[in-house]
Protein chains: 2
Amino acid sequence: MDNKYEAVIKLLLETVQSNLAVEEKKKDMYEIPVGVSNRHVHLSQADLNYLFGEGYELKKIKDLSQPGQYACEETVIICGPKGAIEKVRILGPVRSKTQIEVLAGDCFKLGVFAQPRMSGDLNETPGITIVGPKGSIQTPDGLIIAQRHIHMTHEDAKRFGVHDGQIVSIKVEGPRGGIYNNVVVRANDSSALEFHVDTEEANAMSLNNLSKITIIK
Amino acid sequence: MDNKYEAVIKLLLETVQSNLAVEEKKKDMYEIPVGVSNRHVHLSQADLNYLFGEGYELKKIKDLSQPGQYACEETVIICGPKGAIEKVRILGPVRSKTQIEVLAGDCFKLGVFAQPRMSGDLNETPGITIVGPKGSIQTPDGLIIAQRHIHMTHEDAKRFGVHDGQIVSIKVEGPRGGIYNNVVVRANDSSALEFHVDTEEANAMSLNNLSKITIIK
């Protein structure tokens, strides 16, 4: 009798534990890692030449989570009519167009007001002065605040039930938690799953590169 | 016949417009103005004496929205093991205890990590070095990140259906909109209705001193 009782208890325990494991796995399936970006610059080869000298090549110091993207040793100064910000990191590789991603708070310091935009969407954006060790440029446009977005593969998108270009909201747990609306899904097969926010958005909800968030539609 | 038709249309229009006006007024009743705070310091008279000289009196430059509170001409430097932040504004009048309110991002620069706390709740908070024109102090505690909160009168609280100390969420409209959880209601009869956030929280959702938010429970 005792043996049977123990066997039943053991079976019950195993079932509960296995269900808990499934729940945990389900939760993991829907969690998205967070990548926090500080202000940074992407340069065209022509602008890199102006700022660092003809034929200059960027020196990689660290791979970023998105495949092929990296942080460079080089930094620049960006200047607007009201002020300058030093040590702004360059991200590689070079791009077809120069793009400067700043924080909303930086705009007050610079005296130039950028709008939230997706990377590459530079139509009618303001320009800025960039100063390097060999020269300076005044860009005609390219200054943006990065609109919050989620990189993912098409397979991830299928799992989350979303599609490339879809606008979703994301939920942050914790004492400074909340919801961010207007998060753009960027699904393509060269992306790593990651929710991108800038440092102000991260600090406002106590997010860091170890945080996880979930999509709500 | 035509006259009757016109009279009916006129009556309909008036009814619709009057309903719209009521809706608009209802909306206004539930909207809460936003107050954005940058990093700042409240000093005790003893600490003010150390930093600015015996018996020093703060010089008011601007009244703040909360009755009796004001921004002062004087600023200090705050320093941690990793760095210093200059021109930190002092808010008056002097308080019984010195309290230093910084942004989450400032903590990285200073190398001292504060937690979100309500004003006055300084138990087990870290200290910081404050430098003034006549001397410097190392505070035993007092460094906090201001927890987001809503000041209101008891009458406001009744209208919103909330009470002093209640934790609510607030909703922000617009392209960078979303929801902030864990917002503390501070209801007393010497307060002006205002949702207080710091500059990082404001920038993350494009809030400024002209914005309005609503409570969701």
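The values are calculated or read from the model by the stated rules, or taken from the named source; none is laboratory data. This is a predicted model, so every value here is computed, not measured. Because the Cβ atoms are built from the backbone with ideal geometry, glycine has one as well, and the counts that use them run over all protein chains shown. Note: areas computed on protein heavy atoms with side chains; ligands, DNA, RNA excluded. Shrake-Rupley method; radii C 1.70, N 1.55, O 1.52, S 1.80 Å.
Figures for the structure shown
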| item | result |
| --- | --- |
| Test: B:Thr153 is away from chain A (no Cβ under 14 Å) and more than 19 Å from the chain's Cα centre (by Cα) | no |
| From the options A:Ile61, A:Ile144, residue that is open to solvent by less than 10 Å² (accessible area, probe 1.4 Å), assigned to a strand (DSSP E or B) and within 22 Å of A:Gly35 (Cβ to Cβ) | A:Ile144 |
| Selection count where residues are farther than 20 Å from B:Ser65 by Cα and open to solvent by less than 20 Å² (accessible area, probe 1.4 Å), scope region B:171-199 | 5 |
| Hits in region B:167-189 (condition: in contact with a strand residue (DSSP E or B) (Cβ under 9 Å, 6 or more places away or on another chain), more than 11 Å from every other protein chain (Cβ to nearest Cβ) and over 19 Å from B:Ala204 (Cβ atoms)) | B:Val185, B:Arg186, B:Ala187, B:Asn188 |
| Boolean, A:Val162 is more than 14 Å from every other protein chain (Cβ to nearest Cβ) and either in contact with a Lys or Arg (Cβ under 8 Å, 6 or more places away or on another chain) or without any contact (Cβ under 8 Å) to a residue 12 or more places away in the chain (or both) | yes |
| Which listed residue, of A:Gly135, A:Gly105, A:Gly142, A:Gly111, is touching a helix residue (DSSP H, G or I) at 6+ places or on another chain (Cβ under 9 Å) and under 26 Å from A:Asn203 (Cβ atoms) | A:Gly105 |
| Subset of region A:129-139 (residues that are touching a Phe, Trp or Tyr at 6+ places or on another chain (Cβ under 7 Å) and either open to solvent by less than 50 Å² (accessible area, probe 1.4 Å) or modelled with pLDDT under 95 (or both)) | A:Gly132, A:Gly135, A:Ile137 |
| Region A:206-217, residues that are in a strand (DSSP E or B), within 13 Å of chain B (Cβ to nearest Cβ) and touching a residue at least 60 places away in the same chain (Cβ under 8 Å) | A:Ile213 |
| Filtered residues of region A:167-184 (kept if part of a loop (DSSP other than H, G, I, E, B) and among the hydrophobic types (A, V, I, L, M, F, W, C)) | none |
| Qualifying residues in region A:44-73 (those that are among the polar types (S, T, N, Q) and in contact with a Ser or Thr (Cβ under 8 Å, 6 or more places away or on another chain)) - the one farthest from A:Glu194 (Cα to Cα) | A:Ser44 |
| Output for region A:64-100, where each listed residue is open to solvent by 40 Å² or more (accessible area, probe 1.4 Å), touching a residue at least 40 places away in the same chain (Cβ under 8 Å) and farther than 26 Å from A:Glu124 by Cα | A:Ser65, A:Pro67, A:Gly68 |
| Qualifying residue in region B:24-31 (condition: touching a strand residue (DSSP E or B) at 6+ places or on another chain (Cβ under 8 Å) and either of a type outside the set (Val, Ile, Thr) or in a strand (DSSP E or B) (or both)) | yes |
| Verdict on B:Asp164 being farther than 18 Å from B:Ala202 by Cβ and in a loop (DSSP other than H, G, I, E, B) | yes |
| Answer residue from region B:190-205, given it is farther than 15 Å from A:Cys107 by Cα and part of a loop (DSSP other than H, G, I, E, B) and is nearest to the other protein chains (Cβ to nearest Cβ) among those | B:Leu193 |
| Residue count, region B:147-158 (criterion: exposed (fewer than 13 other Cβ atoms within 10 Å of the Cβ) and among the basic types (Lys, Arg)) | 1 |
| Number of the exception - A:Val36 against (1) modelled with pLDDT under 95; (2) surrounded by 10 or more Cβ atoms within 10 Å (Cβ to Cβ); (3) aliphatic (A, V, I, L, M) | (1) |
| Within region A:103-128, tally of residues that are within 11 Å of chain B (Cβ to nearest Cβ), open to solvent by less than 20 Å² (accessible area, probe 1.4 Å) and touching a residue at least 40 places away in the same chain (Cβ under 8 Å) | 3 |
